[in-house]
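Rule-based calculations on the coordinates, nothing more; no lab input. Everything numeric here is computed off the predicted structure, so don't read it as measured data. We place every Cβ from the backbone using ideal geometry, glycine too, and count neighbours over all the protein chains shown.
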Amino acid sequence: MSNSVDEHERARLISRLGEYSGAPIPVPGSDAVKVELPRPSLERARDDPGAVRLRFELSSVPAFWADVFNGEAGGRSWPRGLPIPRIEDDSIDVARLPVGDVRRYVEALRDYVADTNREAERQRPEIEAREHESEAAVHRFEEEFEEAQRFLNEQFGHSSG
């Protein structure tokens, strides 16, 4: 049991799971997808007094997680009147947010990230199966392409290009 977690520590972590209402806390040794909302940068909006720009730089977010996030953004759980978040170029950028909505936006986004963590984990087996199918299709194409190239070489000789 060299890779196992101390049972006392494991029990303590599991008992603490109930205390958290945000993102799921992975038990050590698990490979659950867990993305945390980083601290955003905050700037005054230059052309809009009373508004700010919030920018969350995300790092190492799996592509399928970002797809789940963007696919469900603005759904039923998203508060009316707040800009809908989108991940683009590994960041969430909210250009004109009324300064009074910063707290509400961050709280809503934190909840949405936690929901996305749960949904991405639920969808992961299906997504990974599709990725494996896609990789297999690419491999099959490469083999067929090489076979076609060999056939052409046999029939017409090697090309000079």
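Starting from the 7 Å offset along Cα-to-Cβ, what nm value, one decimal, do you get for the label separation of ALA73 and SER159?
In this crude label model, ALA73 to SER159 measures out at 4.2 nm.
Compute the length gained on full extension between ILE127 and GLU43: take 0.36 nm times their separation in residues and subtract their Cα-Cα distance, giving the result in nm to one decimal. Mind dumping the intermediate values first?
Numbers: separation 84, 0.36 × 84 = 30.24 nm, distance 3.70 nm.
My answer for the length gained is 26.5 nm.
What is the set of long-range amide H partners of VAL52 at a cut-off below 5 Å, with H atoms built 1.01 Å from backbone N?
Here the answer is ALA45, LEU97, VAL99, since their amide H atoms fall under 5 Å of that of VAL52.
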